[in-house]
Amino acid sequence: METFSHPGDLRRHLDGLRRQGQSIGFVPTMGFLHAGHMALVDRAAQETDRVVVSIFVNPTQFGDPKDLETYPRDTERDLAMLREAGVAAVFLPGVEDIYPEGSETIVETMRLANVLHGEVREGHFRGVATVVAKLFNIVQPDCACFGEKDYQQLQVIRTMVRDLHFPLRIIGCPTVREADGLALSSRNVRLGPEDRTAALVLNRALDRAQELAATGATVEEIQAGITALVQAEPRAHLRAVDVTEAVTLRPATGRPGGQLAVMLSAEFGGVLLIDQREILP
Ligand code: PAF
């Protein structure tokens, strides 16, 4: 496994692989890897000949400087996991490699970035789209894998790829959960034991949303039912509950005619967690 920090070096290496006829699968990450990331790596390996992983804690997608500062990092452990998984190359750029002095270009999906979680995390999806566009241009992969837990992020990226004609396939992969239902997230390590138990309410709320939808509830009833469920957990500080049309994330009302997206975010002891899923009426 080779590691690179300069975009030019990685591109030259990958150009060499492409000349040998190898296809490239890409998994962008912010490090502190867990089984959810490794499932993305496995999926990329099933789809392509060589897998490239990036580890970059992207400053432009964090609103709160403290959140950026305390974001967990363990590069040695990450590299050991990626080596074990047979990854071909890891891209570990510094901030100046991705945002060179004088950078002024941003990428923004104008509507999708600014609704729902984009409203409570102002600028977050602009930061995500900008860094992912840069990474796609550097790696030029045949496909890239993203987790469905970050459902709005996945739709932002799909939209950007379509609108900017990036020549690659985006693959959404199912959320990996602990045995008790907690969605894997690098942030989970910052949860104390009581907050970790409390955070299970997010998965329970998603299950409840699916039950309500299956029994003919309206969007408003689903929204009210799961809001009450999360609010009944005293350690949860609810940030957002959204029930929308799947994929477009446009508002939905009344009896759902098709798939819905349910997107939750809440803080537990100051740690912001999200859990999101498609549900079927
Ligand atoms: O999902 C993440 O880890 C990040 O948002 C991503 C896609 C790597 C961009 O920084």
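Please verify whether Leu168 is more than 13 Å from the ligand (Cβ to nearest atom) and crowded, with 20+ Cβ neighbours inside 10 Å, treating the condition exactly as stated.
Here the answer is no, as Leu168 does not meet what is asked.
Mind checking which residues of the stretch 212-255 are in contact (Cβ under 8 Å) with a residue 12 or more places away in the chain, touching a helix residue (DSSP H, G or I) at 6+ places or on another chain (Cβ under 9 Å), under 17 Å from Gly118 (Cβ atoms) and open to solvent by 60 Å² or more (accessible area, probe 1.4 Å)?
Arg239, Val247
Considering every residue within the stretch 260-277, establish whether at least one is in contact with a helix residue (DSSP H, G or I) (Cβ under 9 Å, 6 or more places away or on another chain), under 18 Å from Tyr151 (Cα atoms), assigned to a loop (DSSP other than H, G, I, E, B) and without any contact (Cβ under 8 Å) to a residue 60 or more places away in the chain.
no
If you take the residues in the stretch 68-78 that are open to solvent by 20 Å² or more (accessible area, probe 1.4 Å) and part of a helix (DSSP H, G or I), which one is farthest from Arg187 (Cα to Cα)?
Among those that are open to solvent by 20 Å² or more (accessible area, probe 1.4 Å) and part of a helix (DSSP H, G or I), it is Glu76.
Counting only residues that are small (Gly, Ala, Ser) and buried (at least 21 other Cβ atoms within 10 Å of the Cβ), which one in the stretch 126-147 is nearest to the ligand (Cβ to nearest atom)?
Gly147
Determine which member of the set Gly21, Gly63, Gly36, Gly16 is open to solvent by 10 Å² or more (accessible area, probe 1.4 Å), of a type outside the set (Ser, Thr, Tyr) and modelled with pLDDT under 95.
Gly63
If you go through the stretch 28-50 one residue at a time, how many are within 15 Å of the ligand (Cβ to nearest atom), out of contact with any His (no Cβ under 8 Å at 6 or more places or on another chain) and not in a helix (DSSP H, G or I)?
So the answer is 6.
The values are calculated or read from the model by the stated rules, or taken from the named source; none is laboratory data. Since this is a predicted model, take the numbers as computed values, not measurements. Quick reminder, even Gly has a Cβ in these numbers, built from the backbone with ideal geometry, and neighbours come from all protein chains shown. To get the accessible areas, we keep the full protein, side chains included, count just its heavy atoms, and leave off ligands, DNA and RNA. Shrake-Rupley method; radii C 1.70, N 1.55, O 1.52, S 1.80 Å.
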